[in-house]
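The values are calculated or read from the model by the stated rules, or taken from the named source; none is laboratory data. In this text, all values refer to a predicted model and were calculated from it rather than measured experimentally. Backbone-built Cβ (ideal geometry, glycine too); neighbour counts: all protein chains shown.
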Amino acid sequence: MRTQDGAHDFDHPSLTTPILHTARLRLRPFTDTDVDPLFALHSSAYVLRYWDSPPWNERARADRFVATCRKMADEGTGVRVAIDRVSDGAFVGWCGLPGWNPDYRSASLGYCLADAMWGRGYATEAAHAVLKWAFDTLDLNRVRAETDTRNVASARVLEKVGFVRDGTLREGCVVNGEVSDSWVFGLIRREWRPSTMPIPAR
């Protein structure tokens with residue numbers, strides 16, 4: 001996922017980070033106990049190979065990430081939730097809606113999951129839960145998302161939850177000296193279908 005927040009200088013009411021439940025996942029506010037699995041996630045060059053920033057090389061980055069999530073909710077600029085697997089409590093990753101703009105009724109979607117959790121439909125399940133909460137709670141009209149054009153799996157997740165590809169941002173990122181293109185996706189309220197999320201059996 002690309003992680004541009006798209007924030008603007010608007011007045012924001014504070015947000016309460018939700019606790020959400022799906023068939024297989026629990027989405028919740030970050031705690032200090034998430035720092036180690038969060039660092040393991042974001043220090044993986046493989047997981048972040050299509051990211052718009054390099055892997056973390058110091059644990060303090062994870063501490064700052066958790067603090068930023070709390071600040072984001074306090075300032076009302078968005079939310080991020082940690083994702084746990086219900087069956088065993090394993091840390092799956094995170095999903096979030098930064099860049100909430102109440103005047104434009106818009107936000108951006110982002111997520112990052114551990115590679116051991118890929119291919120099981122968890123990203124789709126988590127994104128659907130966050131979007132349902134956001135459309136119901138924040139009265140959103142539009143959600144934006146970006147992904148590297150090489151990241152076909154992430155593009156498929158976005159399409160499964162209803163996003164439409166709006167276009168291509170050519171050479172929008174340079175990470176570690178490598179120039180890459182991004183697909184820009186949009187989901188608008190009138191096309192949102194909250195009841196059509198298929199949950200894989202496994």
| message | Pull out all pairs, ordered by first then second residue, where Cβ-Cβ is under 6 Å, the residues are six or more apart or on different chains, the first lies in segment 86-111 and is closer than 14 Å to Ala126 by Cα, and the second is among the basic types (Lys, Arg). | response | Val86/Arg24; Val86/Arg26; Val92/Arg85; Trp94/Arg80; Gly96/Arg80
| Of all residues in segment 124-145, which are within 18 Å of Trp183 (Cα to Cα) and crowded, with 23+ Cβ neighbours inside 10 Å? | Ala127, Val143, Ala145
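In segment 39-110, which strands (runs of 3 or more DSSP E) lie fully inside it and hold 3 or more residues that are closer than 18 Å to His21 by Cα?
Numbers: elements: 78-85, 91-98, 106-108.
Here the list reads 78-85, 91-98.
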| message | For a quick check of your reading of the model, give me the residue pairs whose first member lies in segment 148-170 and is of a type in the set (Phe, Trp, Tyr) and at pLDDT below 95, whose second is loosely packed, with under 13 Cβ neighbours inside 10 Å and not in a loop (DSSP other than H, G, I, E, B), with beta-carbon atoms closer than 8 Å and at least 6 apart or on different chains. | response | none
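Looking only at residues that are among the aromatic types (Phe, Trp, Tyr) and more than 14 Å from the chain's Cα centre (by Cα) in segment 9-49, which one is surrounded by the most Cβ atoms within 10 Å (Cβ to Cβ)?
Of all residues in segment 9-49, those among the aromatic types (Phe, Trp, Tyr) come to 10, 30, 39, 46.
Next, only the ones that are more than 14 Å from the chain's Cα centre (by Cα) stay: 10, 39, 46.
Details: Phe10: 12, Phe39: 20, Tyr46: 7.
Among those residues, the one meeting the criterion is Phe39.
Report the residue count in segment 146-163 for those that are of a type in the set (Asp, Glu) and either crowded, with 22+ Cβ neighbours inside 10 Å or part of a loop (DSSP other than H, G, I, E, B) (or both).
Restricting attention to segment 146-163, the residues satisfying the condition of being of a type in the set (Asp, Glu) are 146, 148, 159.
Imposing the further condition that a residue be either crowded, with 22+ Cβ neighbours inside 10 Å or part of a loop (DSSP other than H, G, I, E, B) (or both) reduces the set to 146.
Total meeting the criteria: 1.
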| remark: Pairs returned, first residue in segment 1-30 that is of a type in the set (D, E, K, R) and at pLDDT 95 or above, second residue that is loosely packed, with under 15 Cβ neighbours inside 10 Å and assigned to a loop (DSSP other than H, G, I, E, B), beta-carbon separation under 8 angstrom, 6 or more apart or interchain, are Arg24/Val86; Arg24/Ser87; Arg24/Ile199; Arg26/Ile19; Arg26/Val86; Arg28/Ile19
| task | Give the residue that is nearest to Gly186 (Cα to Cα), with candidates limited to residues of segment 57-107 that are surrounded by fewer than 13 Cβ atoms within 10 Å (Cβ to Cβ) and among the small types (Gly, Ala, Ser). | result | Ala67
| Residues in segment 112-128 that are in contact (Cβ under 8 Å) with a residue 40 or more places away in the chain, assigned to a helix (DSSP H, G or I) and within 11 Å of the chain's Cα centre (by Cα): how many? | 3
| message | List pairs: first residue in segment 32-48 and among the β-branched types (Val, Ile, Thr), second residue assigned to a helix (DSSP H, G or I) and at pLDDT 95 or above anywhere in the structure, Cβ distance under 8 angstrom, at least six positions apart or on different chains. | response | Val35/Ala62; Val35/Asp63; Val35/Val66; Val47/Leu41; Val47/Asp115
